[in-house]
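The values are calculated or read from the model by the stated rules, or taken from the named source; none is laboratory data. Predicted model, so just to flag it, every value in this text is computed and none were measured. Neighbour counts run over all protein chains shown; Cβ positions are idealised from the backbone, glycine included. Just the protein is used for accessible areas: all its heavy atoms, side chains included, with ligands, DNA and RNA removed. Shrake-Rupley method; radii C 1.70, N 1.55, O 1.52, S 1.80 Å.
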Amino acid sequence: MLLFMMFLGEPIAYEDEKEGLLIQNICPVKGQEKKQENTGSNYLNFHTEDGFHPYPPDHLALLGLRSDHEKIAETITASVRNVVDTLPGTAVMLLRQPLYRLHPSSSFKLNQHEDYSVRLPVLTGNLSNPQMCIHYSSMVAENEEAEWALNKLRKALLKVSVAFKLLPGDLLIMDNRLVAHARTPFRPRYDGKDRWLQRMFTVVDFHRSGFSRGHGKHVCSPLNVEFTKDVHFSKFAARKPIVID
């Protein structure tokens, strides 16, 4: 997996998610069945990865190591390229405006009393070939019209979705800027032989996140540090320069 992903970019991880591991283990966790996370086993809604972060991944890889006992779990993918032409123009217009509040995934270990959400559009970039950032469990529309557009996109993605059963040795690589993914439910037994995947992220422009990482490192600073940095820097930038004669 590492070798294939290195052709697409540089590995990246986040200190407050999965302990900052570059290659992360994905297994069901007892008691978290209903969580909208990869530790759950209920239906996992369509999402792109970590769109709330200043340095989200460009590519995502999932490597199958072990199937669920009944071999029924499917990873579902859908590309925005296959749906944008089918959406009403009004929906596209709304999806291109910052009318959506995206909250961090609970896989990030954050202070629950702090709001680290970001306000952003769902679609960005080229009009006919846009990029997409969605999360149907953590994203909230700011008005009814924006919610209508988000639902239009969800229905369109479902129509063009492609499902994969990740068997041992299967490697699925997705462009996180274009492709949303979901997962169908399965029944874990918690016997040490449940479904087991490994996950890895890469970015094309590694230098962009350089301020967040140590020299030669691949793990970004905690999200709360990133938000605090932005607040302090904005205050500092607002000050008048000191001139010494």
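Here are some notes:
- Residue selected from the range 4-19 under the condition more than 16 Å from residue 205 (Cβ to Cβ) and over 15 Å from the mean Cα position of the chain (by Cα), by the criterion modelled with the lowest pLDDT: 4
- Single condition residue 81 does not satisfy, out of (1) open to solvent by less than 60 Å² (accessible area, probe 1.4 Å); (2) touching a strand residue (DSSP E or B) at 6+ places or on another chain (Cβ under 9 Å): (1)
- If you go through the range 46-78 and keep only what is under 14 Å from residue 133 (Cα atoms) and open to solvent by 40 Å² or more (accessible area, probe 1.4 Å), you end up with just 54.
Every residue, every condition in (1) open to solvent by 60 Å² or more (accessible area, probe 1.4 Å); (2) touching a His at 6+ places or on another chain (Cβ under 9 Å); (3) in a strand (DSSP E or B); (4) among the small types (Gly, Ala, Ser), yes or no:
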site: 93; (1), (2), (3), (4): yes, no, no, no
site: 119; (1), (2), (3), (4): yes, no, yes, no
site: 128; (1), (2), (3), (4): yes, no, no, yes
site: 140; (1), (2), (3), (4): yes, yes, yes, no
site: 153; (1), (2), (3), (4): no, no, no, no
site: 157; (1), (2), (3), (4): no, no, no, no
site: 167; (1), (2), (3), (4): yes, no, no, no
site: 172; (1), (2), (3), (4): no, yes, yes, no
site: 185; (1), (2), (3), (4): yes, no, no, no
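- Within the range 186-206, residues that are within 10 Å of residue 12 (Cβ to Cβ) reach partners that are of a type in the set (Gly, Ala, Ser) with beta carbons closer than 7 Å, at six or more positions or on different chains, in the pairs 200/61; 201/13; 202/9; 203/9; 203/209; 206/9.
- First in the range 145-159 and under 15 Å from residue 179 (Cα atoms), second anywhere and open to solvent by 60 Å² or more (accessible area, probe 1.4 Å), Cβ under 6 Å, 6 or more apart: 156/86
- Hey, residue 163 in a helix (DSSP H, G or I) and touching a strand residue (DSSP E or B) at 6+ places or on another chain (Cβ under 9 Å) or not: no
- Any hit, the range 228-240, residues being modelled with pLDDT of 50 or more, farther than 23 Å from residue 177 by Cβ and touching a Leu at 6+ places or on another chain (Cβ under 8 Å): no
Yes/no matrix, rows are residues, columns are (1) acidic (Asp, Glu); (2) touching a strand residue (DSSP E or B) at 6+ places or on another chain (Cβ under 6 Å); (3) free of Cβ contacts under 8 Å to residues at least 40 places away in the same chain:
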residue: 61; (1), (2), (3): no, yes, no
residue: 76; (1), (2), (3): no, yes, no
residue: 86; (1), (2), (3): no, no, no
residue: 101; (1), (2), (3): no, yes, no
residue: 109; (1), (2), (3): no, no, no
residue: 115; (1), (2), (3): yes, no, yes
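- Boolean, residue 102 is modelled with pLDDT of 95 or more, under 26 Å from residue 222 (Cβ atoms) and surrounded by 14 or more Cβ atoms within 10 Å (Cβ to Cβ): yes
To keep it simple, each residue is scored yes or no on (1) within 19 Å of the chain's Cα centre (by Cα); (2) more than 30 Å from residue 19 (Cβ to Cβ); (3) surrounded by 15 or more Cβ atoms within 10 Å (Cβ to Cβ).
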position: 124; (1), (2), (3): yes, yes, no
position: 132; (1), (2), (3): yes, no, yes
position: 135; (1), (2), (3): yes, no, yes
position: 144; (1), (2), (3): no, yes, no
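- Qualifying residues in the range 28-45 (those that are surrounded by fewer than 21 Cβ atoms within 10 Å (Cβ to Cβ) and in contact with a Phe, Trp or Tyr (Cβ under 7 Å, 6 or more places away or on another chain)) - the one farthest from residue 201 (Cα to Cα): 30
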